[in-house]
1. Calculate one ³J(HN,Hα) per residue across the stretch 453-467 by plugging θ = phi - 60° into the Karplus curve 6.51 cos²θ - 1.76 cosθ + 1.60, and present them in order as whole Hz with x for glycine and proline.
2. When the Karplus curve 6.51 cos²θ - 1.76 cosθ + 1.60 is applied with θ = phi - 60°, which whole-Hz ³J(HN,Hα) does each residue of the stretch 245-253 get, with x for Gly and Pro?
3. Quick one: net charge of Leu162's neighbours, Cβ under 14 Å, K/R +1, D/E -1?
4. Accessible area per residue of the chain at 1.4 Å probe, in Å²?
5. Students often check this: by mean Cβ neighbours within 10 Å, which of 113-125, 301-313, 250-262 ranks highest, and how do the rest follow?
6. Under a Cβ-only charge scheme (Lys and Arg +1, Asp and Glu -1), can you give me the dipole magnitude of the stretch 128-201 about the Cα centre, in debye to the nearest 20?
7. Give me a comma-separated list of calculated 3J(HN,Hα) values for the stretch 23-30, in order, Karplus coefficients 6.51, -1.76, 1.60 applied at θ = phi - 60°, integers in Hz, x for any Gly or Pro.
8. Where the accessible area of the chain is counted over protein heavy atoms with a 1.4 Å probe, how much of it, in %, is carbon and sulfur?
Amino acid sequence: MFEKVWAAHVIEDEGDAPAVLGVDLHLVHEVTSPQAFAALAARGLRVRRPDRTVATMDHSVPTARRERGGGGPAVLATIDDAGRHQLDTLARNCATHGIALHGVDGERQGIVHVIGPELGLTQPGMTIVCGDSHTSTHGAFGALAFGIGTSEVAHVLATQALLQRRPRTLRITVDGALPAGVTAKDVILAIIARIGVGGATGCVIEYAGAAIRALDMEARMTVCNMSIEAGARAGMIAPDDTTFAYLAGRPHAPAGAAWDRALAAWRALPTDADARFDREVTLAAAALAPMVTFGTHPGMGAAIDAPVPDPAGVADADERAALTRALAYMRVEPGRPLVGHPVDVVFVGSCTNGRLSDLRAAASVLRGRRVAAGVRALVVPGSLAVARAAEAEGLDEVFRAAGAEWRSPGCSMCIAMNGDQLAPGQLAVSTSNRNFEGRQGAGGRTVLASPLTAAAAAVTGRVTDPRTLEVAP
């Protein structure tokens, strides 16, 4: 599948040199774009294809509750000077170049990797780039989607193309059916724990198998989202009827005869039966359990009921030293499960787990319960559309009744901006994608988990196996 998409987008390939790859969709946000637009201005260049460029405000947007579809003074009063400058600069650049912008006063604002699929901008067979690591999310649709650096953002703005070396291929197959209480987030954390944070370096991963095929689109996006945490260039899942049903009728999806033509092309994308990959890995779905991270990168993860590894049992000196440092930073005891470890903050949101199904999962645990005393719980929808849908189902009332904070859309605590951050020493159970030292606030400690596991921690005040709690329908 990757090779089909790659071949369809190569403009020039001279063998040893990087190929020139055409870009179908360029997603832009306020953090990595100012320098890129400035580079264009310095050379007197225009955006080559504004019709294939879409911008949103997400990283620097405060998530304190604001009026729906309204930004203005209420938002600006809660944002720092750097964030305000980023938002103002993005708005000005989009106006100058005729780029569609979903800003804080718009009806479609949200995290870039949430609104792209929502709007039907993300489609099978596309090449999609963004100045953000987790662009791999869009691979859930059978698109080749990857993050790029600031200089590359400028290059795509100016040319609608990019120099890229052809990646290797890795197929990860998850056979069988997932047990109750095991979610897409647990699947990808188990994969990363298995192959390591460098296990897919230089590769595009194709996820396959019955367990992957059984996932809905939002769950597939969760899996592809964290491909980068295994070192992959991108992650992809072949499009199928689940994909097509999700896309049908969305604002930017093809319609009428164009839909029929698109379907025919999309159905030809899946990998041929005789295809060969550079590497293959297989996991048994039945053996998976809810996962948590215990260390300071996403590869330091284990089943929630498994003991944390003891550095004394690690043969490699460098790995032993890294694990020792990580456990000391996290204040985690080796040799016993993380279950029971006290929690200060719970965060449900991000481009990994800020969609409607994620909020439904968290609400199923919180319904009829209260957040434990001394715990702060933040629930941050990934977009205004997600927020509206959640409120239509009454999920916001479930969260409020439980004592959680129901906030406005944005990246929020995933990147510790605008006050959504940990205090030094606090421990969070987070549905985001990275747990590096200080990722969610200087001195903060992060345990990555699914929305079910995060919600279970919120009501018990400790790391808790969600399978031990009764879940409301």
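1. So the J values, rounded to whole Hz, are 5, 4, 5, 4, 5, 4, 7, 9, x, 9, 4, 9, 5, x, 5.
2. After applying 6.51 cos²θ - 1.76 cosθ + 1.60, I find 5, 5, 6, 4, x, 6, x, 9, 6 Hz.
3. Working: positive: Arg48, Arg49, Arg52, Arg165, Arg166, Arg233; negative: Glu12, Asp13, Asp24, Glu152.
Computed value for this residue: +2.
4. Numbers: 17520 Å² over 473 residues.
On a per-residue basis, 37 Å².
5. Working: 113-125: 24.7, 301-313: 17.6, 250-262: 13.1.
Result, highest mean Cβ count within 10 Å first: 113-125, 301-313, 250-262.
6. On the way: 6 positive and 4 negative charges, 53 e Å.
For the stretch 128-201, the charge dipole is close to 260 debye.
7. 10, 7, 9, 10, 9, 10, 9, 7
8. Numbers: 9240 of 17520 Å².
That share works out to 53 percent.
The values are calculated or read from the model by the stated rules, or taken from the named source; none is laboratory data. Fair warning: this is a prediction, and the values are worked out from it, not measured in the lab. FYI the Cβ positions are ideal-geometry reconstructions off the backbone, even for glycines, and counts take in every protein chain you see. Just so you know, the surface numbers come from the protein's heavy atoms only, side chains and all, with ligands and any DNA or RNA stripped out. Shrake-Rupley method; radii C 1.70, N 1.55, O 1.52, S 1.80 Å.
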